[in-house]
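Handing you a structure now.
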Amino acid sequence: VISIGSTHLGEQFLLHLVWRREQQDLHILFVPTSLHLAELASELHLPLASIDEHEIDLAIDFASQIDEQYNFLKTDSHSLVRDKMICQSAEELVVACEKSGFVKRLNGIMSAEITPFGYKRTLLQLEKLGRTGLKAEKGRPFETESGNYLAFVQMEREYSLEDINFSAKEIR
């Protein structure tokens, strides 16, 4: 049972996975992290499974940055909440990143999935880490498949995971 993070690279990886499955007659069940990946897998005749019905053996995700302690940030996702649930529940997690994304400390742009209720207040609280905004689509906030907004924070300096966790826990 395999799952792949809901990114553009995840879509490309899914195509390679299906090709490999056909070449080697592999028996794979796929747990999609997005509706788009579910549709693509169905079109490719890859059997689907649910996180509620199957344990995930292997999750593959794609990060924008990975630090020296293997913490990572994603900026390309259809649902960070779903991706995180898959990563946490998988028996084994593989995270891929371009070489330029390996950093001493996490920095640059951090994405956060936030609830629409009180989102302006949440953005103000995220400003402790840097300049904030919402990912937009057609002049409206981008809505994840979980019904939340994707916010971004342009971090003003390099942060440790402890710094980010502390700041995140202060958001109410």
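The values are calculated or read from the model by the stated rules, or taken from the named source; none is laboratory data. Keep in mind it's a predicted model, so treat the numbers as computed, not measured. A quick note on method: Cβ atoms are made from the backbone with ideal geometry, for glycine too, and the neighbour counts reach across all protein chains shown. Please note that ligands, DNA and RNA were not included when accessible areas were found on the heavy atoms of the full protein model with its side chains. Shrake-Rupley method; radii C 1.70, N 1.55, O 1.52, S 1.80 Å.
Does segment 28-63 hold any residues that are assigned to a strand (DSSP E or B), open to solvent by 10 Å² or more (accessible area, probe 1.4 Å) and under 27 Å from residue 98 (Cα atoms), and which are they?
Once the filter is applied, which keeps residues that are assigned to a strand (DSSP E or B), open to solvent by 10 Å² or more (accessible area, probe 1.4 Å) and under 27 Å from residue 98 (Cα atoms), segment 28-63 yields 32, 58, 60, 62.
Among what's in segment 1-27 and is polar (S, T, N, Q) and modelled with pLDDT of 90 or more, pick the residue that is surrounded by the most Cβ atoms within 10 Å (Cβ to Cβ).
Only one residue tops the list, namely 3.
Among 131, 82, which is open to solvent by 80 Å² or more (accessible area, probe 1.4 Å) and of a type in the set (D, E, K, R)?
Only one candidate passes the filter, namely 131.
How many residues are touching a residue at least 12 places away in the same chain (Cβ under 8 Å) and farther than 20 Å from residue 72 by Cα if we restrict to segment 132-142?
Of the residues in that region, 3 qualify.
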